[in-house]
Amino acid sequence: QLTPGRTDVIFLYGKVSYLAKQYKLAVQQFDRVPDSDTRAFEARTHAAKACRELELHERAVVNAERAAQLRPHPDVMHFAGEEYLRLGDQQKAAQWFSSALDLEPGHASSLLELGQLMYRQSRWQEAEGHFSRLWEIDRSNAAAIKFLALVKYKQKKFDSCKHCCDATLRLEPLNTDALWMLAELHRHEGRSMEDRWYLGLRMHSDVSVADLCQSIATGYLTRKQVNESMEWLKAMQHYSPSDVRVQTALTLLVTHGSSVNPQDVIDALESRRSPEPSKFGMGPSGQACASSSNRDEPQHLSSRKLASDDTGVAMTNG
């Protein structure tokens, strides 16, 4: 019999409210579950997620920390680290990500977050260690190998950087960060765009040369390198002369110059695409051939989520 005031009823009411996205009511109910109750861990984790949805990040931290005290779990510790990041406390965030890794050395999300924190703090060797570890664990993790390439670029380990970029492009053929680094490496080697080095990349058959040029231009735009982005947009126009998007983007750059809002140009490029015949074809040797008619800051890839705990409770955000 369900009697109001019983802890199991309060907890059930909280879960129903949470699933109905009535987060404020859910938090009120979960807060009534005492730490001595067997459902306390689940109540705290759900309360933490509900507080995140309500953008009450300080309360989310409190609930996550209480949950971690009740039952140390890497996903909960990672969640606390994410919330500290939202509050702007990188030191506390790093401590919680490190705690998650102490408990589970291969915790992928914490390796990625901690690596990115070290990258932003210019602690290159530590960042390289975290990203290398993550790449060893998961060879399909494009974020890991991309960030590893960025770290090696900062350390001027250019040969290793190129290998990491190639690996990134095998996973994400139009990754703007990897393509930007390759363009920069070739530029610093004194190779001009007229060399068309990009035609030698091993690309999927459904990727056009214009797509490639657009991605490189976007990488430069992200870093506010206007002159370089304009050159790559001109190359895109060469391979895709009927594409109105590139003309719009070039007009914005010419009109506004260095004061242009890069996002406006990127938005123009990412508007509805027109079909293009120019594609990369793979020859028998695997060599690609074209048939045609903050400067080093990467794009943010990290998703914010809390994985599952060992009780089977879904700990994803939302």
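What follows draws every value from the coordinates through simple rules; no lab data is involved. What you see is a predicted model, and the numbers here were worked out from it, not measured in a lab. Note that each Cβ is placed from the backbone with ideal geometry, even for glycine, and that neighbours are counted across all protein chains shown.
DSSP loop (so not H, G, I, E, B), at most 15 other Cβ within 10 Å: list which GluC sites (Glu not before Pro) in region 4-97 pass both filters.
GLU55
Average the reciprocal distances over every distinct pair of alpha-carbons in region 124-186, invert the result, and give the Kirkwood radius in Å.
11.2
LEU12 to GLN90: FRET efficiency via 1/(1 + (r/R0)^6), r the Cβ-Cβ distance, R0 51 Å, to the nearest 0.05?
0.85
Placing +1 at every Lys and Arg Cβ and -1 at every Asp and Glu Cβ, with all other atoms neutral, what dipole size does region 53-109 have around its Cα centre, in debye to the nearest 20?
Taking the Cα centre of region 53-109 as origin, the dipole is about 140 debye.
What is the dipole size for region 13-72, taken about its Cα centre, with +1 at each Lys and Arg Cβ and -1 at each Asp and Glu Cβ, in debye to the nearest 20?
Magnitude of the dipole: close to 160 debye.
Assign unit charges at the C-beta atoms only (+1 for Lys and Arg, -1 for Asp and Glu), then state the dipole size of region 98-227 relative to its Cα centre in Debye, rounded to the nearest 20.
Using only the charged Cβ atoms, the result is roughly 420 debye.
Over region 1-111, what relative contact order in percent results from Cα pairs under 8 Å that are six or more residues apart?
Reported relative contact order: 16 percent.
Per the Kirkwood definition applied to all pairs of different Cα atoms, how many angstroms is the hydrodynamic radius of region 69-159?
So the Kirkwood estimate lands at 13.2 Å.
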